[in-house]
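The values are calculated or read from the model by the stated rules, or taken from the named source; none is laboratory data. Quick caveat, the model's predicted, so the values are computed rather than measured. Note that we place each Cβ from the backbone using ideal geometry, even for glycine, and neighbour counts take in every protein chain shown.
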Amino acid sequence: MKKLSEVSKRTFLRLLEGDLPIKDFERWVYDSSDSIENELGKEAHLDLISFGYKRASSLDELKDMILGYINTMEFKLWRTKKLLSEIVENKIDLVLATRKLRDLYYDGGNTFIPVDLGVGYESELDDVPIPSEYIEFQSHEVEEKLKKVEWYRNYILRDAKELLDTLNRQDNKNI
């Protein structure tokens, strides 16, 4: 596997996470043509330049292609740290965050996400709706269910901050 620059790595990760629209990625590929060829080689460069970005299935195909260029464990760590930061900074609904942590845990993150944070809290809150589901309930039902979130909030925040700090310390040791 080739060594990617931080810019290339971050761009690939953002596309995989859904934070970068495919048209912006395509523009980046053309703007970064020389560095992509130096980092990934002529064949990968040609694959990215000639890729059919406008096809209906292009995003899934592109994601599959990119997974061959990156370290998937590094991607999982990046996704986990991004989510943990959103939790600690209160930028994501806590119930939605526990569902995403569960997905990361089962997607191979179980090697570094503790079971309580990975599945424990989500299983405790599995009957609590996320904001997009509130409409399915009476307002008093939502309020009642959200009380459960408040009971777990400090525990989740504590565990998320501890894991984020641990992962960041490990990154600093690997530099």
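What to note about this one:
- The helices (runs of 4 or more DSSP H) falling completely within the range 75-175 that include 2 or more residues that are more than 30 Å from D64 (Cβ to Cβ) and within 17 Å of the chain's Cα centre (by Cα) map to 94-106, 139-174.
- Y69 falls short on exactly one of the conditions (1) modelled with pLDDT under 90; (2) closer than 28 Å to S132 by Cβ; (3) outside any helix (DSSP H, G or I), and that condition is (2).
- For the range 96-103, the criterion of a residue being of a type in the set (S, T, Y), within 21 Å of N154 (Cβ to Cβ) and touching a residue at least 60 places away in the same chain (Cβ under 8 Å) is satisfied by no position.
- Whichever residue in the range 46-60 is part of a helix (DSSP H, G or I) and of a type in the set (G, A, S) and, among such residues, is farthest from R27 (Cα to Cα): S58
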